[in-house]
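Before anything else, here's the structure in question.
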Amino acid sequence: MANSQFRNSTIDPASGTFGRRNAARYVGGTVAGESHASVKSYMIGFVLSIILTAVPFGLVMDQTHGFSASTILAAILVFAVVQVFVHVVYFLHMDRSAEQRWNVVAFAFTVMILVIVVSGSVWIMHNATSNMEHAMTAPTRSEGVIPQK
């Protein structure tokens, strides 16, 4: 073989392509019919997702704990972020392996763009609101009144 990178692969002489398993390994995917993870992994993700949904729901529905609205909101946001990571790890199967590197980079870029768009929108709306507040107040006697003849 001329290239040592593909020394364990088999080449189909008719098409010049690698075997199914080797092609999937070098492309970073899986062969059709093979699974990314086990049923155990999916069940762990499912149970964690149920728990991470039920706890904030219980905090909102049960007001006897005496938590303030801002504390409940912060808890909901924390549980939501943790649930995103559970979904990414257990259902999208993203990890630190070399095969998943480009998927993780694409996901990180998507998150960065979302943070920029959302924070920029909130910043623009806040500045527009604060700059328009003076127009909402009632005019004093000397400003904004058309003189009568």
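The values are calculated or read from the model by the stated rules, or taken from the named source; none is laboratory data. The model shown is predicted, which means the values in this text are computed figures rather than measured ones. Here the Cβ positions follow ideal geometry from the backbone for every residue, glycine too, while neighbour counts run over all protein chains shown.
Out of all the residues in the range 84-118, which are of a type in the set (Lys, Arg), in a helix (DSSP H, G or I) and within 25 Å of ILE51 (Cβ to Cβ)?
Scanning the range 84-118 gives no hits.
Right, here's the next one. Do the conditions hold for VAL122, that is, is it modelled with pLDDT of 90 or more and either exposed (fewer than 10 other Cβ atoms within 10 Å of the Cβ) or assigned to a helix (DSSP H, G or I) (or both)?
Answer is yes for this residue.
Going by the conditions given, is ASN22 more than 17 Å from the chain's Cα centre (by Cα), modelled with pLDDT under 70 and surrounded by fewer than 14 Cβ atoms within 10 Å (Cβ to Cβ)?
When the stated conditions are applied, ASN22 does not pass them.
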